[in-house]
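The values are calculated or read from the model by the stated rules, or taken from the named source; none is laboratory data. In this text the structure is predicted, and so the values were computed from the model without any measurement. Note that each Cβ is placed from the backbone with ideal geometry, even for glycine, and that neighbours are counted across all protein chains shown.
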Amino acid sequence: MVMFCLGSTVMSDSLVHYVGKAYDIKTKEFLYKEEYKEFKDGGDLKATSVYTNKKNDIIARKELIYKQNFQAPCLEFYNEVTGVIASVNVGENMEIAYRSSFSKSFKRSQQLVSDYTVVDSGLHYYIVKHWDALLSGKETPVRYVSPSKRRDFLLSVKKNRIEEWRGRETVLFKVQPQSFFLRLFLKPIMIRYELKQKRLITYQGISNIKLSKKINKIYMELEYF
């Protein structure tokens, strides 16, 4: 059984607060808004994301608990449109549970946790942790967890370029599978940061938010403010 308690946490003042707007890469159509907040709850660092559609209706919620390792937080996610539920509990090992729709039952698996394990928004902390190495041109490995597949995949993170973007000096990182075969089917994730502040600006790739039961993949760009 997966316990889902999003929205039950008493939040203190936010330590980090992002508002992101997602647009379809091809049509530039507005898809949804994400409001992400990090805060202290007792001795734990936690985060919540609330996703809303064009009508400002809540379509999904996410909660992260950054315990032992910021790059591999515990995750709970619920999509109110499709019924998708994803749960990742990280300890000595990692327990993954996933439900693909309202009518489906949960599927579960256990995975080992390594120094390269990354869960969801923990990718940000992984990049910051390896910031100097990445800026020097080093390619770093990531074992990125996919709750829907109930396993992790070996990816690589590498600096793509440093450039001025909308009046700001930025660095663009490319995240893609290490497998050449998988690269044929999956577009890379492109993540842009302010160079000096290490602040996330944009994320471009497959959306983890399904707006409809009929649509499997949406390639989008999420811009944070």
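What residue, among those in the range 154-187 that are among the aliphatic types (A, V, I, L, M) and modelled with pLDDT of 95 or more, is farthest from Gly205 (Cα to Cα)?
Ile162
Out of the residues in the range 110-149 meeting the condition of being in contact with a strand residue (DSSP E or B) (Cβ under 7 Å, 6 or more places away or on another chain) and β-branched (Val, Ile, Thr), tell me which one is farthest from Thr170 (Cα to Cα). Restricting to residues being in contact with a strand residue (DSSP E or B) (Cβ under 7 Å, 6 or more places away or on another chain) and β-branched (Val, Ile, Thr), the top hit is Val113. Can you tell me which residue within the range 81-140, out of those that are among the β-branched types (Val, Ile, Thr) and in contact with a helix residue (DSSP H, G or I) (Cβ under 8 Å, 6 or more places away or on another chain), is nearest to Tyr203 (Cα to Cα)? It comes out as Ile127.
Hey, could you check the range 96-119 for residues that are among the hydrophobic types (A, V, I, L, M, F, W, C) and assigned to a strand (DSSP E or B) and say which is nearest to Tyr193 (Cα to Cα)? Taking the candidates together, the pick is Val118. Selection over the range 1-31 of residues that are at pLDDT 50 or above and either touching a Phe, Trp or Tyr at 6+ places or on another chain (Cβ under 8 Å) or part of a strand (DSSP E or B) (or both) gives a count of 17. Annotation: Asn69 fulfils all but one of (1) more than 21 Å from Tyr125 (Cβ to Cβ); (2) in contact (Cβ under 8 Å) with a residue 12 or more places away in the chain; (3) not in a strand (DSSP E or B); the unmet one is (1). For first residues located in the range 81-100 and free of Cβ contacts under 8 Å to residues at least 24 places away in the same chain and of a type in the set (A, V, I, L, M), partners that are surrounded by fewer than 17 Cβ atoms within 10 Å (Cβ to Cβ) and in a strand (DSSP E or B) and lie 6+ apart or on another chain with Cβ distances below 7 Å do not occur. For the range 171-225, the set of residues classified as out of contact with any Pro (no Cβ under 6 Å at 6 or more places or on another chain), over 16 Å from Tyr18 (Cβ atoms), assigned to a strand (DSSP E or B) and without any contact (Cβ under 8 Å) to a residue 40 or more places away in the chain consists of Val171, Leu172, Pro177, Ile189, Met190, Gly205, Ile206, listed by residue number.
State all residues of the range 32-66 that are outside any strand (DSSP E or B) and either touching a Pro at 6+ places or on another chain (Cβ under 8 Å) or of a type in the set (Lys, Arg) (or both); if no residue qualifies, say none. Passing the criteria: Lys54, Lys55.
If I filter the range 120-135 for residues that are surrounded by fewer than 13 Cβ atoms within 10 Å (Cβ to Cβ), without any contact (Cβ under 8 Å) to a residue 24 or more places away in the chain and not in a helix (DSSP H, G or I), do I get at least one hit? Among the residues of the range 120-135, not one is surrounded by fewer than 13 Cβ atoms within 10 Å (Cβ to Cβ), without any contact (Cβ under 8 Å) to a residue 24 or more places away in the chain and not in a helix (DSSP H, G or I), which makes the answer no.
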